[in-house]
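Since the structure comes first, as structure tokens, the remarks are kept for the end.
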Amino acid sequence: MSTAEETKVEVDKEKEQEDYVDPWTVTASSQKGVDYDKLIDIFGSSKIDEALLERFKKVTGTEPHHFLRRGIFFSHREMHRILDLVEKGKSFYLYTGRGPSSDAMHLGHLIPFMMTKWLQDVFDVPLVIQLTDDEKYLWKDLELGTCRKLANENTKDIIACGFDVNKTFIFSDMEFIGGEFYKNVLRVQKRVTFNQVKGIFGFDDSSVIGKIMFPAIQAAPAFSSSFPLIFGGKKDVPCLIPCAIDQDPYFRMTRDVAPRMGFEKPALLHSTFFPALQGAISKMSASDENSSIFLTDTPNMIKKKINKYAFSGGRDNIEEHREKGGDCEVDVSYKYLTFFLEDDEQLENIRQQYSSGQMLTGELKAELIKVLQKLIQDHQNIRQTVTDDNVREFMTPRKLNFPYDVVQIDDDLGKKGKGKKKEKK
Ligand code: TRP
């Protein structure tokens with residue numbers, strides 16, 4: 001069992017009282033992690049509830065992914081609208097992204113991509129993936145060339161998640177922005193004031209102007225007309241964005257401007273954060289090596305990090321542990337298993353044994369180590385086979401393998417919106 005000293009996290013005193021979430025900072029007030037129900041209230045999104053899961057199952061004929069069943073993707077905006085479309089035989093597209101700030105991606109970075117890959121398989125829809133190398137240049141102390149290079153390195157990890165090259169376009173902002181995409185960036189920029197982004201993102205008078213305009217760039221991929229090669233110029237192919245909840249501010253802004261541009265609002269699926277090894281007070285961060293398990297870690301490193309750092313919900317000594325049992329609500333190894341151990345029955349067995357005291361922290365950690373060693377080894381094996389040519393292929397602007405009339409617009413929506421949705425400027 002880890003001692004309290006080993007796993008203690010330093011938390012900024014002022015932030016200790018309340019959860020704090022924006023696109024750059026996440027801190028929770030308790031080891032249980034962020035209070036996600038409260039976040040749904042504050043952000044004004046909707047909970048992914050049983051009824052939605054049932055509908056998901058009915059419409060797709062597939063058991064919802066364990067990320068959905070276990071509340072790892074816990075919140076949404078207008079997922080019912082997407083399912084309505086699918087029920088009517090219409091289509092949509094997926095959009096997600098990554099800010100390439102480090103060479104090695106960590107486990108937490110995989111979550112949205114694993115979810116997106118599953119959604120792409122289940123719905124058979126086109127996918128665009130934005131690499132915000134521009135964002136990282138503006139926010140981090142990195143050179144332009146470094147950010148661009150990191151985007152390509154990260155693309156290999158993203159490709160290794162199993163995306164189909166015929167249905168997926170991955171782009172670097174630095175390389176791709178121009179043409180119809182840039183026109184949409186401009187349309188957003190004309191409709192959002194400095195005051196608004198100050199409110200949404202906390203910018204102030206000393207923020208560099210690149211940061212102030214950046215949110216328009218993250219908004220643009222949510223509009224199908226940004227990708228004429230893929231959507232044949234259609235303006236109203238609906239978009240679904242799977243992302244971590246900290247990205248929601250960008251898409252609140254996007255949803256706010258969309259109708260004023262004559263476009264559909266994107267729908268969203270939000271995930272919880274992937275906790276740092278030291279506990280759910282903060283999320284896993286690539287800039288803190290000891291908080292993270294990287295996709296490049298060796299089996300031995302994985303074992304050592306988990307044994308040494310993973311915050312334990314176990315008791316101080318064996319007697320007490322046998323008597324009171326471990327606390328799954330704060331135990332990081334258990335939390336990680338909920339992300340990566342797919343077998344529901346096995347997970348429930350572990351939960352029961354651990355919380356009843358039958359299973360010790362060391363034994364729980366051994367289970368997790370096994371699961372993660374395999375996951376990461378499998379990932380590394382595939383990534384090794386991804387070549388620079390593969391990267392180029394995914395990143396080449398091109399038609400995807402969908403006839404335009406399969407990427408169908410909702411005619412009803414189109415008619416209803418006529419006139420009202422016509423763009424004014
Ligand atoms: N800003 C995101 C990050 O720093 C990257 C990103 C761009 C993104 N577009 C997105 C993430 C859409 C999720 C969905 O990682």
For this session: Go from 0 up to the bin containing the longest alpha carbon distance in segment 91-169, width 5 Å each, and give me the % of pairs per bin.
Result: 3, 16, 27, 22, 16, 11, 5, 1, 0
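Among residues other than Lys149 whose Cβ falls under 13 Å from its Cβ, what is the net charge (Lys/Arg +1, Asp/Glu -1)? Mind dumping the intermediate values first?
Numbers: positive: Lys136, Arg148, Lys156; negative: Asp103, Asp133, Glu143, Glu153, Glu175, Asp388.
Result for the neighbourhood of Lys149: -3.
For a distance above 21 Å, tell me the whole-number percent of Cα pairs in segment 37-112 that qualify. Kindly include the intermediate steps, with their values, before the conclusion.
Numbers: 1150 of 2850 pairs.
Above the 21 Å cut-off, segment 37-112 has 40 percent of its Cα pairs.
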Problem set entry | Restraint check, Lys136/Lys183; Lys47/Lys88; Lys47/Lys211, Cα-Cα greater than 28 Å | Lys47/Lys211
Problem set entry | Net charge over other residues, Cβ less than 15 angstrom from the Cβ of Asp388 (K, R count +1; D, E count -1) | 0
Seminar exercise, completed: Gyration tensor on Cα atoms of segment 204-275, a ≥ b ≥ c root eigenvalues, a/c under 1.5 rounded, else prolate if a/b beats b/c, else oblate, says oblate
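Sort His80, His379 so the one with the fewest other Cβ atoms within 10 Å of its own Cβ comes first. Walk me through the numbers on the way to the answer.
Values: His80 15, His379 18.
Fewest to most other Cβ atoms nearby, the residues stand as His80, His379.
Hey, got the dipole for segment 279-361? About the Cα centre, +1 on K and R Cβ, -1 on D and E Cβ, debye to the nearest 20?
340 debye
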For this session: Using only the Cα atoms of segment 364-405, build the gyration tensor, take square roots of its eigenvalues as a ≥ b ≥ c, and label the shape rounded, prolate or oblate: rounded if a/c is under 1.5, else prolate if a/b is larger than b/c, else oblate.
Result: oblate
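Can you tell me the alpha carbon radius of gyration of segment 263-391 divided by the globular rule-of-thumb value 2.2 N^0.38 Å? Walk me through the numbers before you get to the answer.
Numbers: Rg = 17.0 Å, N = 129, 2.2 N^0.38 = 13.9 Å.
With N residues counted in segment 263-391, Rg over 2.2 N^0.38 Å equals 1.22.
Determine the alpha carbon to alpha carbon distance for each of Lys167/Lys305; Lys149/Lys283; Lys190/Lys283; Lys117/Lys283; Lys265/Lys305 and list only those over 31 Å.
Working: Lys167/Lys305 37 Å; Lys149/Lys283 25 Å; Lys190/Lys283 34 Å; Lys117/Lys283 22 Å; Lys265/Lys305 42 Å.
Those over the limit are Lys167/Lys305; Lys190/Lys283; Lys265/Lys305.
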For this session: Starting from one equal scatterer on each C-alpha and no solvent at all, send me the Debye-based log10 I(q)/I(0) for segment 196-321 at q = 0.17, 0.23 Å⁻¹, two decimals.
Result: -0.98, -1.26
Exercise. Using only the Cα atoms of the chain, what do you get for the radius of gyration and for Dmax, in Å?
Worked result: 21.9, 72
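Counting each DSSP H run of 4 or more residues in the chain as -39500 (n - 2.57), what helix-only mean residue ellipticity at 222 nm follows after dividing by all residues, to the nearest 500 deg cm²/dmol? Display every interim value, and only then the final one.
Working: 21 runs with 207 residues, N = 425.
Using -39500 (n - 2.57) per qualifying helix, the result is -14000 deg cm²/dmol.
Give me the net charge of Lys136's neighbourhood, meaning all other residues with Cβ under 13 Å from the Cβ of Lys136; Lys, Arg count +1, Asp, Glu -1. Please list the in-between numbers first.
On the way: positive: Arg98, Lys140, Arg148, Lys149, Lys211; negative: Asp103, Asp133, Asp134, Glu135, Asp141, Glu143, Glu153, Asp173.
Net of charged neighbours comes to -3.
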For this session: With only Lys, Arg, Asp and Glu charged, each at its Cβ (+1 for the first two, -1 for the last two), find how big the charge dipole of the chain is about the Cα centre; round to the nearest 20 debye.
Result: 1960 debye
Problem set entry | Dipole-positive endmost among Asn166, Gln196, Val125 within segment 82-202 (Cβ charges, Cα centre) | Gln196
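If packing is taken as the average number of other Cβ atoms within 10 Å across a peptide's residues, how do 164-172, 208-216, 192-200, 273-281 rank, most packed first? Each step should come with its number before you reach the end.
On the way: 164-172: 19.3, 208-216: 16.9, 192-200: 14.2, 273-281: 23.7.
Top of the packing list down: 273-281, 164-172, 208-216, 192-200.
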Seminar exercise, completed: Phi-derived 3J(HN,Hα) across segment 42-57 with the Karplus relation (6.51, -1.76, 1.60, θ = phi - 60°), rounded Hz, x for Gly and Pro, is 5, 7, x, 9, 10, 6, 7, 9, 4, 4, 5, 4, 4, 5, 3, 5
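Rule-based calculations on the coordinates, nothing more; no lab input. Since we're looking at a predicted model, the values are computed, not measured. Please note: Cβ atoms are built from the backbone with ideal geometry, for glycine as well, and neighbour counts cover all protein chains shown.
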